[in-house]
Amino acid sequence: MILVTQVETWLFMNRDRADATEAPTILVEKDAFGAKSFTTMRTLFQLKKWTGKHRFVPFLSCDETAYRAYEVFHVDAKPPFAILESGRILMRNNERDEAYDNAMENAGVTSQVEQVAFAASYLEREFGEPVVLAIDEPVASHARVPEDIFVPGNVMLTSEGLFAWANRQ
């Protein structure tokens, strides 16, 4: 199983939430204006475990430039792939995957839902394993983690529930 996760809402929190939590947190994204996103140490350990086994793919809405600000994906937990711009771009080993760009163009993919489905199918072919989505919007063509795992506005409960569920699978 490959876990594709919308990290911006499922795993990462802003500075205010990080400052308010009692759990130890770590900086995961820093842009030109300073610290931007944080996660708990517990989540970071799971990210390291899952990326180390090539079982985790971050799903982000940002472009390539903003992706570079996520230090966690370039230092601590380097994913084999990352989906950017909600499925429009695929990074392979932190470099843009031109084969993906060509395949998507040849497939005539246009809508965001089609992009997500295409990305998930592409990853299934690359890994030879099923992809399970942990994203905000369901995509009918692919399995999704149970809906009750996502706790809106609470990334600590969401991330703990997500990795507990994934580790049982």
message: Once you place label points 7 Å from the Cα toward the Cβ at Ala107 and Glu129, how far apart are they in nm?
response: 2.0
- prompt: Full extension from Glu114 to Asp136: what is 0.36 nm times the residue separation minus their Cα-Cα distance, to one decimal in nm?
  reply: 6.4 nm
task: Kindly write out, for the stretch 136-143 in residue order, the coupling ³J(HN,Hα) from the Karplus curve 6.51 cos²θ - 1.76 cosθ + 1.60 (θ = phi - 60°), rounded to whole Hz, with x marking Gly and Pro.
output: 5, 9, x, 10, 4, 7, 9, 5
task: Determine how many Å³ per residue the convex hull of the Cα atoms of the stretch 2-164 encloses.
output: 109
- line: Rounded to one decimal in nm, the spacing of the 7 Å Cα→Cβ label points at Ala143 and Asn94 is 3.1
message: So for the chain, if I pair up every lysine 8 or more residues apart or on another chain, how many of those pairs have alpha-carbons under 18 Å apart?
response: 4
- request: With an 8 Å cut-off on Cα pairs and a minimum separation of 6 or more residues, tell me the relative contact order of the stretch 2-164 in percent.
  value: 24
field: Under 5 Å, built H, 5+ apart or other chain: amide partners of Glu29
entry: Lys36, Ser37, Glu71
FRET efficiency for Val151 and Lys30, using Cβ-Cβ distance with R0 set to 30 Å, rounded to 0.05: 0.70
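Every number in this text was worked out from the coordinates using simple rules, so none of it is lab data. None of the values given here were measured: they were computed from a predicted structure. Ideal geometry is used to build each Cβ from the backbone, glycine not excepted, and the neighbour counts take in all protein chains shown.
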